Amino acid sequence: MMLEVRDLHAYYGKSHILQGVDMKIGAGEVVSLLGRNGVGRSTTVKAIMGEVPPHGSIRFKDTEIAGLPSYKIAHLGLGYVPENRDIFPGLTVRQNLMLGIKNPRHPGKWRLDDMLDMFSNLKARADTAAGVLSGGEKQMLTICRTLMGDPELVMIDEPTEGLAPIIVQQVGDLIAEIARRGVSILLVEQKLSIAMRISHRVYVMGHGQIVFEGTPSELKDNEAIRKEWLEV
Ligand SMILES: Nc1ncnc2c1ncn2[C@@H]1O[C@H](COP(=O)(O)OP(=O)(O)OP(=O)(O)O)[C@@H](O)[C@H]1O
Ligand SMILES: [Mg+2]
């Protein structure tokens with residue numbers, strides 16, 4: 001198992017946000033974590049990354065990581081793309097990508113030029129300051145920078161938020177390509193469309209717990225769950 005989360009709890013002060021989350025991701029699997037605003041999806045990935053103190057068990061490739069500092073978790077091969085599209089605006093696209101490299105002496109499966117070839121909008125802007133990129137390009141850049149660290153599993157938090165439909169499609173294609181190259185993915189989303197298109201399995205979260213687990217088609221057929229936990 002790539003990632004196995006058991007009975008995960010997390011708190012902000014006295015607010016008990018995660019109330020026993022159970023989740024698994026296998027090697028090469030694309031899994032989406034869905035749910036309405038504020039249910040605890042970002043808190044789940046932050047707790048897995050050690051950015052919010054986790055209570056419970058989190059095993060990554062059979063190593064217990066709950067309680068480890070974030071940089072150690074990242075070095076074990078767990079990549080994280082947070083929701084804020086945090087790039088270095090004064091550095092070029094190429095320089096931003098190079099900052100994602102974790103071990104220069106051990107290049108991984110994502111080479112810089114190779115990546116620029118794959119994503120033509122990044123290639124055209126390789127030597128441009130990243131600050132001028134559009135929202136969609138910044139999102140692709142943060143995802144690609146994380147890939148430069150050669151993660152085995154990458155957790156991507158709401159990559160399509162605020163993007164135009166055509167860009168949503170491109171980000172979806174990028175994520176599908178990452179999966180094709182054998183990287184496991186945990187996609188945090190609110191929109192059903194991309195998640196349903198690229199996921200092997202989906203989890204639905206409500207009030208700090210997983211309330212549904214199944215395939216995209218099982219979710220599509222389960223109107224009760226969609227009505228109660230997803231649709232507005
Ligand atoms: N730093 C924080 N301090 C206090 N409360 C927080 C903090 N971050 C999040 N919360 C609260 O924790 C709950 C879960 O937040 P979380 O960010 O995990 O939600 P989410 O499912 O990712 O939704 P969205 O991204 O749409 O806000 C929310 O009620 C939110 O207000
Ligand atoms: Mg969130």
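Quick notes on this structure:
- Count - residues of the range 190-206 that are modelled with pLDDT of 95 or more and within 14 Å of ligand 1 (Cβ to nearest atom): 4
- Among the residues of the range 25-52, those that are within 12 Å of the chain's Cα centre (by Cα), within 12 Å of ligand 2 (Cβ to nearest atom) and of a type in the set (V, I, T) comprise T44, V45.
- Whenever a residue of the range 39-61 is under 18 Å from Y203 (Cα atoms) and open to solvent by less than 30 Å² (accessible area, probe 1.4 Å), it has no partner that is in a strand (DSSP E or B) and among the hydroxyl-bearing types (S, T, Y) lying with C-beta atoms less than 6 angstrom away and at least six residues away or across chains.
- All positions within the range 190-207 that are over 18 Å from V232 (Cα atoms) and either open to solvent by 10 Å² or more (accessible area, probe 1.4 Å) or not β-branched (V, I, T) (or both): R197, I198, S199, H200, R201
- Figure legend. Inter-residue proximity from the range 68-91: first residues without any contact (Cβ under 8 Å) to a residue 40 or more places away in the chain, second residues assigned to a strand (DSSP E or B) and hydrophobic (A, V, I, L, M, F, W, C), beta-carbon distance below 8 Å, spacing 6+ or different chains. Indicated pairs: I73/F60; L76/F60; L91/A129.
- Qualifying position, being over 29 Å from G131 (Cα atoms) and more than 10 Å from ligand 1 (Cβ to nearest atom), among I73, I58, I87: I58
- Residues located in the range 10-38, provided they are away from ligand 1 (no atom under 13 Å from the Cβ) and open to solvent by 40 Å² or more (accessible area, probe 1.4 Å): D22, K24, A27
- Of all residues in the range 138-175, those being in contact (Cβ under 8 Å) with a residue 40 or more places away in the chain and open to solvent by less than 40 Å² (accessible area, probe 1.4 Å) number 19.
The values are calculated or read from the model by the stated rules, or taken from the named source; none is laboratory data. On a predicted model such as this, the values are computed, not experimentally measured, just so you know. Methodologically, a virtual Cβ is constructed for each residue, glycine included, from the backbone with ideal geometry; neighbour enumeration extends over all protein chains shown. Surface areas here come from the heavy atoms of the whole protein model, side chains and all, with no ligands, DNA or RNA. Shrake-Rupley method; radii C 1.70, N 1.55, O 1.52, S 1.80 Å.
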